[in-house]
Amino acid sequence: MRIQTLAIGKTNRPHAMLGCLFLLAVSVAAGWAEELNLQDFKGQIVYSSNHSGPWRIWIGQANGSEARQLAEDADSNVHDVDPVFSPDGATVLFSSTRGSLAGVWTIPAQGGKPARICDGDQAEWSPDGTKIVLRRNERIFTRDLASRKEQGITPEDWPHCSSPAWSPDGKSIAFAARWEAGNGIFLVPVEGGKPTKVYDQQGACEPHWSPDGSRLVYETETHICTVNPDGTKNRPVTYFGGVQRFAHYSPDGKWLVFCQGVSEQGPWELYLIPATSGTPQKLVEGNSNMYPDWK
């Protein structure tokens, strides 16, 4: 499920508030012998929040400090979602309705003026940061950022393609497609070609790679699972109440950050959980917070 703000359903995606603080519980994760320490969590987490009304991009330290909104230079009819860090962590790619038409934008991770790249949404970076992969008109495209050259990589007769994710080795793109029978996750070579199926049961969609490329995390109708790229060793990560969405791996591949809602209507809060499953740890609460990425 994605917020409909960007006209983007299940395989489609959507204060300065002093009380918006990162919260992390210190309960014990399954299989862990001691309490967690906030300082053990390194890097930054970027996400989209509606704390101020419209959806905006927020960023904070993964140890629970320095949460702040990245850009405030848009009116209340503009929504920013789907933030993703560049490989070097210096830039955030996101989807926005700025300019009235859904497009792919960037903004410095330290804050600054957003810049529009092209039409489309649901974009992610190539491993070297020189290209992006995105969705436009229900097809998946790659785009060279320097030359602006684009290439369609999913077959023209494939319906409702979404959620592209570039593999860490740069060779393939994971994506979701929706058919009459339901959603499925597929891989396609980065130069285009015939997609191969990873998994097509339980509404599988929203794939994202582990840092070493050995696993994909994805969501079902209600929960988060991981699977090998060849479709083997399919494992549930979340199995508790509520609805879990939009999981991304931590930089070391040991944790997942995801959002959870009481129902598909939210409200949504951010959590951490060991990548092999365990006890979830609340990270952000208040209003709705979605689409997290960790660098």
* Residue by residue through segment 285-295, which ³J(HN,Hα) values in whole Hz follow from phi under the Karplus form 6.51 cos²θ - 1.76 cosθ + 1.60 (θ = phi - 60°), with glycine and proline marked x? -> 9, x, 6, 10, 9, 9, 6, x, 9, 10, 9
* Structure fact -> Among (1) 17.6, 52; (2) 22.5, 73; (3) 19.2, 57, the value of Rg and Dmax of the Cα atoms in Å computed for this structure carries the label (1)
* Asked: Can you give the translational diffusion coefficient of segment 141-216 in µm²/s, computed by Stokes-Einstein from the Kirkwood radius over Cα pairs at 4 °C and 1.567 mPa s?
  -> 101
* So between S76 and F240, what do we pick up on full extension, going 0.36 nm a residue minus the alpha carbon distance? -> 55.5 nm
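Work out the FRET efficiency for A90 and Q201 from their Cβ-Cβ distance, taking R0 = 51 Å, and round it to the nearest 0.05.
Computed FRET efficiency for A90 and Q201: 0.85.
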* Structure fact -> Here the net charge surrounding I224, from other residues whose Cβ is less than 13 Å away from its Cβ (Lys, Arg +1; Asp, Glu -1), is 0
* To do: Take the Cβ-Cβ distance between Q110 and D157 as r, set R0 to 30 Å, and report the resulting FRET efficiency rounded to the nearest 0.05.
  => 0.10
* Structure fact -> If C161, C225 are placed from fewest to most neighbouring beta carbons inside 10 Å, the sequence is C225, C161
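Between K149 and S263, what FRET efficiency follows from the Cβ-Cβ distance if R0 is 41 Å, with the result rounded to 0.05?
It comes out at approximately 0.45.
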* Taking 7 Å along the Cα-to-C-beta vector as the label spot, tell me the S100-T130 distance in nanometres, rounded to one decimal. => 3.8
* **Candidate aspartates and glutamates for bridging to K295, where Cα separation is under 16 Å - those fewer than 8 sequence places away on the same chain excluded** => D40, E66, D82, D88, E124, D128, D212, D252
* Asked: If each of E191 and D169 carries a label point 7 Å out from its Cα toward its Cβ, how far apart are those two points in nm?
  -> 1.6
* **Pairs of Lys in segment 4-294 closer than 25 Å at Cα, counting only those 8 or more apart or on different chains** => 22
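Each reported figure results from applying straightforward, stated rules to the coordinates on display, with no laboratory input. As the structure is a computational prediction, the values presented were derived from the model and not from experiment. FYI the Cβ positions are ideal-geometry reconstructions off the backbone, even for glycines, and counts take in every protein chain you see.
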